[in-house]
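In what follows, a single structure is set out as C-alpha cells and then discussed.
Where a number appears in this text, it was derived from the coordinates with a stated rule and is not lab data. Treat the numbers as computed from the prediction; the structure is a model and nothing was measured. Please note: Cβ atoms are built from the backbone with ideal geometry, for glycine as well, and neighbour counts cover all protein chains shown.
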Amino acid sequence: MSFDPIVTGRTSGGRLLFTTITALSLAIMYAPVLYLLLASLNPDAQLGLVPPSRYSLKWYFALLDDGRLAGALKESALVGLATAALATPIGLSAALAYRAMTRLRGVFLLVILSAMFVPGTIEGLGLSATLRVVGLAPSWVTIAIGHLLWTLPFAAVVSLIGLSAVRPSTIAAARDLGAGPIRAFVDITLPLMRTNLISSFVFAFLLSLNEQARAYYLAGRQNTLPLYMFGAMNSGASPTIYAFSGAIIVISVAVVALFFAGLVGQQSRR
Amino acid sequence: MVAEIEERVVPHEPGPDESVGARWRPAGFLLALPSLAVFVGVGFIPLALIAMWSFWSFDPDTYWIKPAWSFASYAALLENGRATVFLRTAGLAALTATASTLLAVPAAAVVGLLSGPRRAALLLALFTIPFFTSGLVRAFAWRLVLGRQGVINNALMSLGIVETPVEWLLFSDFAVLLGMVAAYLPFAIVPIVLAFARIEHSVIRASQDLGAGFWTVLATIVLPLVLPGIVAGFLFVFVVAVGTSMEIQLLGGAGASSISIMINDVLRVVNFPLAFAIATVVITLLTVLIIIANRALRLSRLFESLGI
C-alpha cells in the first residue's frame with residue numbers, strides 16, 4: 001500500500017471541508033466513549049464529570065468484588081482464547097491457500113469473507129438450532145464454534161497482508177539452496193509473518209470478547225462479559241457499569257494501538 | 001531443470017505465489033480445506049437447515065419442530081406488522097449507510113489524497129481501532145451524551161437555549177441512527193480507502209498540470225475511479241446495519257423494533273418455524289444483494305490494493 005500525498009497546494013476550500021468532516025467522524029466515534037471513561041472516574045454516585053483532582057478508581061475496585069462478573073470474565077476469556085487459537089492457524093491456512101490457488105481464488109476469498117456479513121442473530125439462531133439437533137449442550141464450546149466463523153475472515157485477511165510482505169524471491173532463494181517447501185515455510189515464511197500471526201490471534205480474541213449477538217444464542221448457563229454487561233445496562237445504570245465499560249474499552253484500545261504502533265515501527269525499519 | 005528456471009523468470013506478482021503451490025497444485029486446495037470446513041459446517045449447513053425447518057411446524061409435545069411441511073410461517077411473515085419491521089429495518093439501514101458513506105468519502109479522501117504516509121497510517125488506525133472495541137459500550141456511551149441529564153442537554157440548558165431537556169435526543173430513531181453511524185463508519189471507510197489506494201497518482205498529477213482545480217479533479221477523475229469502493233462501503237454498512245439489534249435495544253424508543261429483535265421476540269414464544277422463516281428471508285435477500293454487487297463491482301478486486 002502506498003499513501004503518498006497526491007494532492008498538494010490549493011484545494012479551494014476542499015481541504016478544510018474534508019478535514020472538518022474527518023474530525024467530525026472521529027468525534028462521533030470517540031467522544032462518547034471518552035466521556036464515559038472520564039465519567040467512570042467520578043467517585044460520586046451521580047453521573048457527570050468531576051475535576052481531575054477528584055478522579056478516583058473507586059468503581060473500578062468495586063468491580064473486583066462482583067462475583068458474577070468474575071464468572072463472566074472467565075467464560076469470555078475461555079471462549080476468546082479457544083476462538084483465537086483456532087482462527088489463527090485456520091486463517092493462515094486460508095491465506096496460504098489463496099496465494100497457492102491459480103483458479104477460483106476470488107470466489108474462495110468471497111466465500112471466506114461472506115461470514116462477516118451474516119447477521120449475528122441469524123448465525124446464532126441457526127447454529128444453536130443445529131447444535132441442539134446434534135446434541136451438543138450449550139457451553140463455552142458452542143460459543144467458541146460460533147465465534148470461530150465470525151473471526152475467521154479477519155484472521156485470514158491479517159494473514160494475507162502478512163503473506164504479501166514475504167517476497168517470493170526470498171522463498172525462491174531458500175528453495176534454490178535446497179530447502180523443501182515445508183522447510184522454507186517454517187524457516188522463512190513463519191518468522192516473517194510473526195507480527196501478523198500475533199495480531200491475528202489478538203484481533204480474533206478481541207472480536208470474540210466483545211461479541212454479543214451470537215453468544216446470546218449459544219451460551220449455556222454461564223454468561224459471557226457482553227451478555228452480563230447488556231443485562232446490567234438495561235437494569236438501570238450504576239457507576240460500576242461505567243467502570244466496567246471503561247475497563248473493557250481501555251484494554252481493547254490499548255491492545256489494538258500497540259499492534260498499530262508495532263506495524264508502523266515495522267514499516268519504518270523496512 | 002530448464003523448466004524450473006523458466007518458471008522462475010515468469011513475473012511473480014500479482015499472480016499466484018509460487019512458494020507453496022507451483023509444483024504441487026493440490027496444495028492450494030488442501031490448505032483451503034480447514035477454512036472451507038468451518039464455512040460449510042458452521043455457516044452453510046446451519047443456514048440451510050433452518051431454511052428447511054422454516055417449512056416445518058411447531059411440535060407442542062417436544063417444544064421443538066416436527067416435519068409437517070407447511071407455508072404457514074411464510075404467511076405469518078405478513079401478519080402483525082412484521083412486514084413493517086422488515087421495511088423499517090431496511091430503511092434505517094439504508095439511512096445509516098447513506099450517512100456513513102457521506103462521512104466516509106471525505107474521510108477516505110483525507111487519508112488517500114491529502115495526507116502524507118504517516119498521517120494516513122495514523123488516521124487509518126484511528127478509524128479501525130473502534131471496530132475491535134465493544135459495540136455494546138460504544139452504544140451505551142451515547143446514553144450519557146444524549147440523555148435528559150446528558151452532555152448535550154446540560155449544555156443546551158446552561159446556555160439557556162432550552163428550558164427543559166430535549167426529549168427526542170435519546171430513546172429515538174435519531175439516537176439509533178447516530179449510534180449506528182458511529183459504530184459502522186469503519187465499514188464504509190475501509191473499502192473507500194482501498195479504492196483510493198488503487199488510483200494512479202500520475203493521472204491526478206496530469207490533470208492538475210492541465211489546469212484542473214481540486215473539485216474538478218475530484219468530480220471528473222477521482223470519484224469515478226473510487227465509485228466501486230463507495231458502493232462497496234455503502235453495501236457493507238447496509239448489510240451490517242440490517243443485522244444489528246443492540247443500538248436499537250440500547251438507544252431506541254419504546255416499541256422500536258428490527259428484524260433481529262423480532263427474531264428474539266418470536267423465539268420467546270417458541271415459534272421456531274417463524275424465526276427460521278424470518279432468518280431465511282433475510283439471508284436470501286442479503287446473499288442476492290452481495291452476489292449482484294460482486295458481479296457488478298468485482299468486490300474481491302478491492303483487496304488487490306492491500307497487495308494480497
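General observations
- Span-like helix ranges in chain A, DSSP H, alpha carbon extent 18 angstrom or more, Kyte mean at least -0.5: A:14-39, A:67-100, A:120-134, A:140-164, A:194-209, A:239-269
- With coordinates expressed along the principal axes, the C-alpha atoms belonging to chain B extend over 73, 65, 31 Å, beginning with the largest.
- FRET efficiency, 1/(1 + (r/R0)^6) with R0 56 Å, evaluated for B:Leu33 and B:Glu167 via beta carbons: 0.50
- Listed values for segment B:214-222 are Karplus-derived 3J(HN,Hα) couplings in whole Hz (6.51 cos²θ - 1.76 cosθ + 1.60, θ = phi - 60°), namely 3, 5, 5, 4, 4, 6, 9, 10, 5, and x replaces Gly and Pro.
- Segment B:75-122 shape via C-alpha gyration tensor axes, a/c threshold 1.5: prolate
- With a cut-off of 14 Å between beta carbons, the residues surrounding A:Thr151 carry a summed charge of -1, where Lys and Arg count +1 and Asp and Glu -1.
- Ratio of the Cα radius of gyration of the protein assembly as shown to 2.2 N^0.38 Å, where N counts its residues: 1.01
- Size descriptor for segment B:44-160, Kirkwood hydrodynamic radius: 19.9 Å (Cα pairs only, one decimal).
- Three-way shape label, segment B:108-182, alpha-carbon gyration tensor, a/c 1.5: prolate
- Computed from the Cβ-Cβ distance with R0 of 60 Å, the FRET efficiency linking B:Leu87 to A:Val50 stands at 0.85.
- Label-to-label distance for A:Leu110 and B:Ala68 is 4.1 nm, based on points extended 7 Å past Cα in the beta-carbon direction.
- Extending 7 Å from Cα along the Cβ direction at B:Asp265 and again at A:Leu190 yields two label points whose distance is 5.3 nm.
- Computed P(r) (all Cα pairs; segment B:180-308; 10 Å bins; percent): 11, 29, 27, 18, 10, 4, 1
- Globularity index of segment B:177-251, i.e. its alpha-carbon radius of gyration over 2.2 N^0.38 Å: 1.45
- Gain on full extension, evaluated as 0.36 nm per residue between B:Ala206 and B:Arg298 minus their Cα-Cα distance, stands at 30.4 nm.
- Computed [θ] at 222 nm, deg cm²/dmol, the protein assembly as shown (DSSP H ≥ 4; -39,500 (n - 2.57); rounded to nearest 500): -22000 deg cm²/dmol
- At least 18 Å along the helix axis (C-alpha) and Kyte average at least -1.0, DSSP helices within chain B: B:26-38, B:82-112, B:173-197, B:223-243, B:272-297
- Taking amide H as placed 1.01 Å from N in the peptide plane, B:Trp64 has its amide H under 5 Å from the amide H of B:Asp59, each at least 5 places away in sequence or on another chain.
- Span per principal axis, largest first, for the Cα atoms of chain A (Å): 69, 66, 32
- Once the Cβ-Cβ distance of A:Thr170 and B:Leu225 is raised to the sixth power relative to R0 = 35 Å, the FRET efficiency obtained is 0.60.
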